[in-house]
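All remarks here apply to the structure that follows.
The numbers here are math on the coordinates, done by the rules we state, and not lab data. Source: prediction; values computed, not measured. All Cβ positions, glycine included, derive from the backbone under ideal geometry; neighbour counts span all protein chains shown.
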Amino acid sequence: MRLLGLTIVLVLTFSSVALTDTMYVSYNGHVTIITQSKLVFLPFPNSTSIASNSTFTILPNGSLLFPSPGEHYISFTGHLPYPNVTITEPFQAQIFVVLPSNVQLKFVSDDIKGFMVNSSGTYLEFYGNEAALTYELEAAPINPELYLVPSLGVSVGITGYLAYLLFGRTQVKETSYDELDPRDTLVLKAVVEGADTLAKISETTGMPRTTAYRRIRKLVRLGYVEEIREGGKVRYIKARKS
């Protein structure tokens, strides 16, 4: 619930579109819907803990049916699909989706209207009756304290593995620029010239933030760019060869 509250505060700044119907979807599976529609589709299979301020009937297909239109508040918990997420409703709405910060977005539908990423999560805003995206989770950082063991041999092995996780990704991959398409090169040029945030990269290149984000993630993966997280903020710099 705390994350959901943070989501609402942060993501509402994205759009000036005023709508009554709204949906908030968190990667922990919690969903909140505010709608005037009589019919509501539950986007996740096996949804549980369904609650509402109005009386409803669960249809055989898992949808919710209310006796009449009105201000309906619905909350429930489900399982966020991985890696493909598709949300469809029989009404137009603002749809807010929150994913972990360590995700790579592989696809986002054209209904997207807002995008932001920071250390708290990846926030996406859609407008319409459908939202679709494909994402992948990066490896989570490992806490070394969880792996302290008496055996020196095991300790050395774990230390080496942790060093690989912590420092291996920042090393530049010896690869040719042929792996980069013109948009990748444009984003890399912007970073080299000092555009160190997603907003600056988007402004400098003229690309939508979602497009710029996909390109910058590719450059980070290939080792051309380093991602630095400081004080809850993310910035990008050209990677230094070791």
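Worth a mention:
- Annotation: extensible slack from Thr197 through Arg183 equals 3.4 nm (criterion: 0.36 nm per residue apart, minus Cα-Cα distance).
- Within the straight-line cut-off of under 21 Å between alpha carbons, the lysines reachable from Lys238 are Lys173, Lys189, Lys200, Lys218, sequence neighbours fewer than 8 places apart in one chain being disregarded.
- Per-selection Rg to Rh, segment 2-137 - Cα, Kirkwood hydrodynamic radius: 0.94
- Nearest-0.05 FRET efficiency for Asn102 and Thr134, computed from C-beta distance (R0 22 Å): 0.90
- Residue exposure proxy: Leu105, Leu133, ordered by other Cβ atoms within 10 angstrom of their Cβ from fewest to most, comes out as Leu105, Leu133.
- Neighbour counting of Cβ atoms within 10 Å sorts the residues Leu222, Leu188, fewest neighbours leading, into Leu222, Leu188.
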